[in-house]
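One structure below.
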Amino acid sequence: MRFDRDYLRAEATKLKQRAASRKSAAKEFASVEHLNPEAVAAFVDNELSPMAAHRARIHMVHCEECREEVARQRVASERLRSATCREVHASSDLVAKLTQIAQSCPTGPSAEELEEKSKSFLAKLDAMTRTKPKVRGKKKKHGK
């Protein structure tokens, strides 16, 4: 769904008027706030809720910086989608850093050990819920 600039400007004006009239202490999205990197990526990937995407569009009508960031994200996203596995690879510097991190971390429990711990916790939880005495009878009303 595409919106023209006049429509988006009118919607932005309505949002500003509503925000000015509200006296709520809750933080809300203001059209003057820049889109954060996660919001830009979500917008490009069509992962924002309809309302959030609508607000982002309205913001971008007025914010050249965010429009440019969205354009850069779209280019990067398209490059990744069109690239083959042979074209995309991690730099040797990144691989070295990741290897160093892996070697510096202490060894943790194996997958089997984690599964056993999970099962024993669930068994304890199940036993607790089965042995919990059930309260029967009428609840007392307060004040009587």
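Within region 86-113, which residues are β-branched (V, I, T) and either in a loop (DSSP other than H, G, I, E, B) or surrounded by 10 or more Cβ atoms within 10 Å (Cβ to Cβ) (or both)? Lay out the reasoning, then the answer.
Applying the first criterion (β-branched (V, I, T)) to region 86-113 yields 88, 95, 99, 101, 107.
Correct list: V88, V95, T99, T107.
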Six or more apart or on different chains, Cβ atoms under 7 Å: show the pairs whose first residue is in region 6-20 and closer than 12 Å to H54 by Cα and whose second is at pLDDT below 75 and outside any helix (DSSP H, G or I). A12/S31; L15/S31
If a residue must be of a type in the set (S, T, Y) and buried (at least 17 other Cβ atoms within 10 Å of the Cβ), how many such residues does region 31-60 contain? 1
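Yes or no: R81 outside any helix (DSSP H, G or I), of a type in the set (K, R) and at pLDDT below 90? Write out each step before concluding.
Values: outside any helix (DSSP H, G or I): no; of a type in the set (K, R): yes; at pLDDT below 90: yes.
It is false that R81 is outside any helix (DSSP H, G or I), of a type in the set (K, R) and at pLDDT below 90.
The values are calculated or read from the model by the stated rules, or taken from the named source; none is laboratory data. Bear in mind that the values here come from a model prediction, so they are computed numbers and not experimental data. Here Cβ is always computed from backbone atoms with ideal geometry, including for glycine, and neighbour counts include all displayed protein chains.
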